[in-house]
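Reviewing the structure listed below.
Just so it is clear, none of the values below were taken in a lab; they were calculated from the coordinates. Computed from a prediction, not measured in an experiment: that's the story for all the values here. For neighbour counting, all protein chains shown are included, and Cβ atoms are generated from backbone atoms with ideal geometry for every residue, glycine included.
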Amino acid sequence: MDRLIIRGGKPLKGEVEISGAKNAALPIMTASILTSGENTITKVPDLKDVKIMGALLSNLGIKFRHHNGIVVIDSSEIKNFEAPYELVKTMRASVLVLGPMLARYGRAKVSLPGGCAIGARPINMHLMGLEKMGARIKLDSGYVIAKANRLKGASIYFDTPTVTGTENLMMAAVLAKGTTILENAAREPEIIDLANCLISMGARIKGAGEGIIEIQGTDELKPIRKYEIIPDRIEAGTFMTIAGITRGDLLLKGCRREHLDALMIKLEDTGIAFKETKTGIRVTANNRPSAKDIRTMPHPGFPTDMQAQFMALMSIAKGTSIIKETVFENRFMHVAELRRIGADISIEGNTATVKGVEKLKGAPVMATDLRASASLVVAALCAEGESTIHRIYHLDRGYERMDEKLRQVGADIERVTS
């Protein structure tokens, strides 16, 4: 099992190429199920989750290949309509095959999903929406078994915004008969990217990113013709906190301010400076950051996927910060490990109080989930001495060649295979 060894305390300087967004690539890969023919998607990151989705599509009988950031998917026919537990258990996004299979073929058997242990994240709103569109659904031995004649348009209200729920129902609706309205839909940039891809395939969608999405169903979609995935805003945000905690100077190539507003406003308040350039965003920090409070919210609020990294930054800030997690109930598992590196953090319910210390000190730590692993990297890069981060397979799920990118900007980091 791989681990990272980091010797911190060095300001990082240079350029970082931001990869394509995993959370945009995965639903767009499943959108290929809606078409008959060869689909080409570019700027797809080489990540474990992308490999798992490729294996899942291949298990359905779809031809899949991924090379140098280009994914080619031939979805002319599906030979198997079951997404098995062995594949789905490792990645929650696997449930995104449900809507497209039901829309195009009228049947699907999908295992209840797994993924990071940061909360229950049930799929009841996915199933509620599909039933409103005419699907017959039952749960049997840990599987969702769904059948339908042609799905029909419906008005669907989400009690709380759900990213994968919005994506699943949006893909189901594009081949449904009539009009579907999704109210209180998720507004993340990845939702907009999926909608733009579906529109390029011939779908009729209005309002993606605005909370109310209207989809006019159509009889057929054409294959995806070289669609480019948006840059990964969470990878970019993570490198912003790295620049801040190491007092570095990084040019993040390819990232977009409009995807990062809530985060960047908070980081600017801590003293980090940003300058937009023709190729990306330059991030500089010359001083110890000032403590600031955050409250995670669905987009366009402060992203829950950046809470752990922001906490790492606040661990060395001047003053005390209050961090409230409102999206996932188990998303403070990184706190115990940050304490091992010297952070002064206390927790009460969904609130963490972070008292900034002047210095962190390297220690062996263990990653518990994807963003927790990123927060440990952030903290270790500024800590005195050596830190060893175990279980970095979590990190590899969401960050493409992170150790290589860090070495290129001056980090003393190495990957060790046991």
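Structure notes:
- Residues in the stretch 399-404 carry Karplus couplings, in order, of 10, 7, 6, 4, 4, 5 Hz; the curve used is 6.51 cos²θ - 1.76 cosθ + 1.60 with θ = phi - 60°, and Gly or Pro positions show x.
- Note on 377, 357: ascending count of other Cβ atoms within 10 Å places them as 357, 377, the fewest first.
- Surrounding net charge for residue 299, when Lys and Arg each add one and Asp and Glu each subtract one, Cβ distance under 14 Å: -4
- Net dipole in debye of the stretch 22-228 [+1 Lys, Arg Cβ; -1 Asp, Glu Cβ; about Cα centre; nearest 20]: 420 debye
- Put in line by how crowded their Cβ is, counting other Cβ atoms within 10 Å and starting with the fewest, 188, 258 read 258, 188.
- Antiparallel DSSP beta bridges within the chain, as percent of all bridges there, nearest 5: 75 percent
- Using alpha-carbon coordinates, inclination of helix 189-200 to the longest axis of the chain, degrees: 30 degrees
- Ascending count of other beta-carbon atoms within 10 Å, so fewest first, for 197, 382: 197, 382
- For the stretch 22-228: rounded, prolate or oblate by the Cα gyration tensor [a/c cutoff 1.5]: rounded
- In degrees, nearest ten, helix 163-173 long axis to first principal axis of the chain (Cα): 20 degrees
- Within the set [x] 32, 29, 20; [y] 38, 21, 20; [z] 44, 25, 20, the number that semi-axes √(5λ) of the Cα gyration tensor in Å takes when calculated for this structure is listed as [y].
- Count Lys and Arg as plus one, Asp and Glu as minus one, and take only other residues whose Cβ is under 9 Å from that of residue 106; the net charge is then +4.
- Prolate/oblate/rounded label for the stretch 278-354 (Cα gyration tensor, a/c 1.5): oblate
- Summed residue charge, Cβ within 9 Å of residue 144's Cβ, Lys/Arg positive, Asp/Glu negative: +1
- Spatially, the stretch 342-409 and the stretch 159-200 are offset by 34 Å when compared through their Cα centroids.
- Residue among 311, 332, 277 farthest towards the positive dipole end of the stretch 243-388, charges placed on Cβ: 277
- Taking the DSSP bridge list for the stretch 40-199 and keeping only pairs wholly inside it, about 75 percent are antiparallel.
- Within the stretch 1-110, the GluC sites (Glu not before Pro) that combine a DSSP coil assignment with at most 11 other C-beta atoms in a 10 angstrom radius are 77.
- Placing pseudo-labels 7 Å out from each Cα toward the beta carbon at residue 80 and residue 38 gives an inter-label distance of 2.4 nm.
- Percent antiparallel among DSSP beta bridges (both partners in the stretch 132-253, rounded to 5): 75 percent
- Stretchable slack from residue 276 to residue 358, in nm (0.36 nm times residue separation minus alpha-carbon distance): 26.5 nm
- Inter-probe distance in nm under a simple model that places probes 7 Å from Cα toward Cβ, at residue 226 and residue 150: 3.4 nm
- Shape of the stretch 240-328, Cα gyration tensor, a/c cut at 1.5: oblate
- Taking chymotrypsin sites (Phe, Trp or Tyr not before Pro) across the stretch 244-331, none is in a DSSP loop with at most 16 further Cβ atoms lying within 10 angstrom of its Cβ.
- Cα long-axis angle, helix 370-382 against the chain (0 to 90 degrees, to the nearest 10): 20 degrees
- Result for the chain in a Gaussian network model with C-alpha springs under 10 Å: among 113, 189, 122, the largest mean-square fluctuation is at 122.
- HN-Hα J in Hz across the stretch 321-326 - Karplus 6.51, -1.76, 1.60, θ = phi - 60°, x for Gly and Pro: 10, 10, 10, 10, 9, 10
- Cα centre as origin, Lys/Arg/Asp/Glu Cβ charges: the chain dipole, Debye: 260 debye
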